[in-house]
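Engineer: Quick one: this structure, given as C-alpha cells, is what I'll be asking you about.
The values are calculated or read from the model by the stated rules, or taken from the named source; none is laboratory data. Note that the coordinates shown come from a computational prediction; the quantities given were computed from them, not determined experimentally. Glycine also receives a Cβ, built like all others from the backbone with ideal geometry; neighbour counts cover every protein chain displayed. For the accessible areas, the whole protein counts, side chains as well, though only heavy atoms, and no ligand, DNA or RNA atoms are used. Shrake-Rupley method; radii C 1.70, N 1.55, O 1.52, S 1.80 Å.
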Amino acid sequence: MPTTTQPHMASETGARLVSVDGRALPLVDAALAVDARAGQARVVLRQRFANPHEEPLHVTYLLPLPADGAVSGFEFRLGERRVVGEVDARAAARARFEAALVEGRSAALVEQERSSVFTQEIGNVPPGAEITCEIAIDQPLRWRAEGGWEWRFPTTVAPRFLGAEGRVPDAVRVSPEVADSPMGPRLRLELCVREVVTAPPRSPSHALTTRALEGTAHAITL
C-alpha cells in the first residue's frame, strides 16, 4: 500500500502524489468478462484480493464504472463461501456492513459516489486469505455514425477539479491518490460478440486477438 504522501497538485484538484515502497498491494488480479449482443452488454468485473499479513485486512478504494451502466449484481467469495449482495438504502447498508465487522465477519460494501465513481470496502479479510469480488453491470453499446457498435469501460478514477476548499462536501470520497510509479495488476479482458461480425474488431489503444466460437459468436481478448 502507499506509505509516504507528499504534495503533488493544487489542493483544489483533490489529488496527492504517493510513493510506492514495493510492498504487495491487496488487489492481485482483475478481469472483465463481457457478453455483447443486440446493442447491449452484460459486463462482469472480477477482482481478487489477498491478505499477506498476520492480522485481518480492511480494503477501501475507488472503483470506476461506466456512467451509462446499471449495477445488476454484487457478490464475493471467501474460500467455499459465496455471499450475494443486497440493494439497500445507503445508511442502512452502511450500518449492516459495520455491524458485520464488529461481529468479526468478512463483509463487503459498494456505494455510489458519482455516476461513474463507486467506493468499495472489504472488511475482515482473514490473514493469508483471498477474497474474490464480482460486480455485474448492464451497459448499452453506442452505435457509431460511421457504422458499428462501440463499447467503452473506464479503468481509472482520475483527479477532478473540486473548486475552493469546502465547496464539495464529500471531496475526500472522490479524491484519488496518484502513484509516482506503475503499480497494481494489469486488467484482463475477454469480450464475446454474439452477432455476425462483418468487419474485424478494432481498438484505438490496444492490440486485440479474435477467435471464432460456435455459430456466429466471436471472442475478443486484450
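Engineer: So which residues in the stretch 133-167 are assigned to a loop (DSSP other than H, G, I, E, B), touching a strand residue (DSSP E or B) at 6+ places or on another chain (Cβ under 6 Å) and of a type in the set (Lys, Arg)?
Structural biologist: Result: Arg144, single match.
Engineer: Something else: From the set of residues in the stretch 136-151 that are surrounded by 10 or more Cβ atoms within 10 Å (Cβ to Cβ) and charged (D, E, K, R), which is nearest to the chain's Cα centre (by Cα)?
Structural biologist: Asp138
Engineer: I'd like the residue in the stretch 5-30 that is among the small types (Gly, Ala, Ser) and surrounded by 15 or more Cβ atoms within 10 Å (Cβ to Cβ) and, out of all such residues, is modelled with the highest pLDDT.
Structural biologist: Applying the filter and picking the extreme gives Ala30.
Engineer: Name the residue, out of Leu213, Leu222, that is touching a Leu at 6+ places or on another chain (Cβ under 7 Å), modelled with pLDDT of 85 or more and open to solvent by 50 Å² or more (accessible area, probe 1.4 Å).
Structural biologist: Selected residue: Leu222, the only one of Leu213, Leu222 that is touching a Leu at 6+ places or on another chain (Cβ under 7 Å), modelled with pLDDT of 85 or more and open to solvent by 50 Å² or more (accessible area, probe 1.4 Å).
Engineer: In the stretch 152-202, which residues are free of Cβ contacts under 8 Å to residues at least 40 places away in the same chain, open to solvent by less than 60 Å² (accessible area, probe 1.4 Å) and within 30 Å of Ala217 (Cβ to Cβ)?
Structural biologist: Val197, Pro201
Engineer: Got a number for residues in the stretch 164-183 being over 17 Å from the mean Cα position of the chain (by Cα) and at pLDDT 80 or above?
Structural biologist: 9
Engineer: Determine if the stretch 53-61 includes at least one residue that is in contact with a strand residue (DSSP E or B) (Cβ under 9 Å, 6 or more places away or on another chain), open to solvent by less than 10 Å² (accessible area, probe 1.4 Å) and not β-branched (Val, Ile, Thr).
Structural biologist: Looking for residues that are in contact with a strand residue (DSSP E or B) (Cβ under 9 Å, 6 or more places away or on another chain), open to solvent by less than 10 Å² (accessible area, probe 1.4 Å) and not β-branched (Val, Ile, Thr), one finds none in the stretch 53-61, hence no.
Engineer: Report, by residue number, each residue of the stretch 46-99 that is at negative phi, assigned to a loop (DSSP other than H, G, I, E, B) and touching a residue at least 24 places away in the same chain (Cβ under 8 Å).
Structural biologist: Asn51, Pro52, His53, Glu54, Glu55, Pro56, Leu65, Pro66, Ala67, Asp68, Gly69, Gly85
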